[in-house]
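Here's the structure, in structure tokens; my notes come after.
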Ligand SMILES: *Cc1c(COP(=O)(O)O)cnc(C)c1O
């Protein structure tokens with residue numbers, strides 16, 4: 001069906017919102033490997049543990065998918081200046097695609113972010129603004145600046161096209177696994193774009209008749225330092241007493257996700273669940289996967305492995321099941 005198509009996420013171009021091919025801004029994103037973690041499967045007694053390794057994307061994270069589409073569409077719409085609040089990776093990705101497209105980029109990032117992420121934006125020629133606080137503070141500043149200077153605000157889920165790019169995760173997983181999805185997908189959730197995007201892709205493929213079996217249970221993982229979605233599941237709401245802190249998994253340091261209702265809807269509809277992990281667990285997890293599988297995961301990626309361990313303890317993940325973990329970013333960007 002996809003013979004002769006490029007080995008990038010643009011092989012699914014018909015599902016993406018760019019009208020004219022000449023507006024596509026691509027750095028080779030997508031078509032990342034799904035690696036079977038056989039040593040880990042044997043250790044944990046689970047039939048199949050797979051890892052979608054998104055760290056090999058341009059700019060070292062899966063943010064490339066969303067921003068390749070968003071910047072392509074910005075180019076098509078004639079937008080000349082984009083602004084983005086970011087915990088780190090989205091800013092780098094936007095800067096790179098904007099550089100290629102000849103679009104001006106402004107990135108607003110928390111001060112405490114690791115230096116590789118700041119340097120990257122500057123190298124791509126973006127204007128970098130550093131703030132105290134977390135991504136929500138950056139989001140407020142971005143909104144205000146966008147209005148003042150007439151730049152286009154690329155905030156997660158507030159502009160529509162990054163989600164479309166993240167949908168390609170769903171198409172890719174289905175195609176790579178021969179149109180049979182895993183029983184369980186464990187996703188490190190910040191703003192929720194990837195989770196919601198995958199679910200949308202699964203629904204689109206069901207409507208097309210490309211998928212017939214049951215859809216996976218979608219599990220979200222967050223850090224104990226910043227787990228608004230888990231709070232929502234446990235208490236029905238994010239309590240007043242919730243004080244978010246920065247996590248080493250900065251992709252998960254999103255205290256007030258704009259799309260919280262959609263995230264919850266995907267988890268409930270898919271019969272999924274929500275898991276919290278600690279900073280120490282994520283650090284131990286990175287070491288364990290490094291020596292067991294020869295892979296260096298980002299803290300967010302490690303969180304999905306820790307999440308699986310907890311799901312096994314709870315007897316939620318069963319031994320005859322197939323589980324897909326996500327490494328959403330490169331370990332090398334956390335230096
Ligand atoms: C942004 C990010 C996440 C969270 O992704 P969402 O789709 O916004 O929930 C997870 N891991 C890394 C490395 C990220 O950069």
Subject >> Selected residue [within 16 Å of the ligand (Cβ to nearest atom) and either in contact with a strand residue (DSSP E or B) (Cβ under 6 Å, 6 or more places away or on another chain) or not assigned by TED's automatic domain parsing to the domain that holds residue 233 (or both)] from 185, 173 >> reply: 185
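With the structure loaded, tell me whether residue 99 is more than 22 Å from residue 169 (Cβ to Cβ) and either in contact (Cβ under 8 Å) with a residue 12 or more places away in the chain or not assigned by TED's automatic domain parsing to the domain that holds residue 179 (or both) or whether it fails that test.
Values: more than 22 Å from residue 169 (Cβ to Cβ): yes; either in contact (Cβ under 8 Å) with a residue 12 or more places away in the chain or not assigned by TED's automatic domain parsing to the domain that holds residue 179 (or both): yes.
Answer is yes for this residue.
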Original post:
Looking at region 246-257, is at least one residue assigned to a strand (DSSP E or B) and surrounded by 14 or more Cβ atoms within 10 Å (Cβ to Cβ)?
Top reply: no
Original post:
Conditions: (1) without any contact (Cβ under 8 Å) to a residue 12 or more places away in the chain; (2) in contact with a strand residue (DSSP E or B) (Cβ under 7 Å, 6 or more places away or on another chain). Residue 119 meets all but one. Number of the miss?
Top reply: (2)
Subject >> Residue satisfying all of: in region 144-159; assigned to a helix (DSSP H, G or I) and in contact (Cβ under 8 Å) with a residue 24 or more places away in the chain; farthest from residue 192 (Cα to Cα) among these >> reply: 149
**OP:** Within region 298-308, identify whether any single residue is in contact with a strand residue (DSSP E or B) (Cβ under 9 Å, 6 or more places away or on another chain) and surrounded by fewer than 19 Cβ atoms within 10 Å (Cβ to Cβ), and answer yes or no.
**Re:** no
Original post:
Name the pairs: first residue in region 189-205 and closer than 17 Å to residue 276 by Cβ and in a helix (DSSP H, G or I), second residue at pLDDT 95 or above and near the ligand (Cβ under 6 Å from one of its atoms), Cβ to Cβ under 9 Å, at least 6 apart or on different chains?
Top reply: 195/189
**OP:** Could you check residue 38 against (1) assigned by TED's automatic domain parsing to the domain that holds residue 137; (2) more than 15 Å from the ligand (Cβ to nearest atom); (3) on the phi < 0 side of the Ramachandran plot and say which number it fails?
**Re:** (1)
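The values are calculated or read from the model by the stated rules, or taken from the named source; none is laboratory data. Nothing here was measured: the structure is a model prediction, and the numbers come from that model. Backbone-built Cβ (ideal geometry, glycine too); neighbour counts: all protein chains shown.
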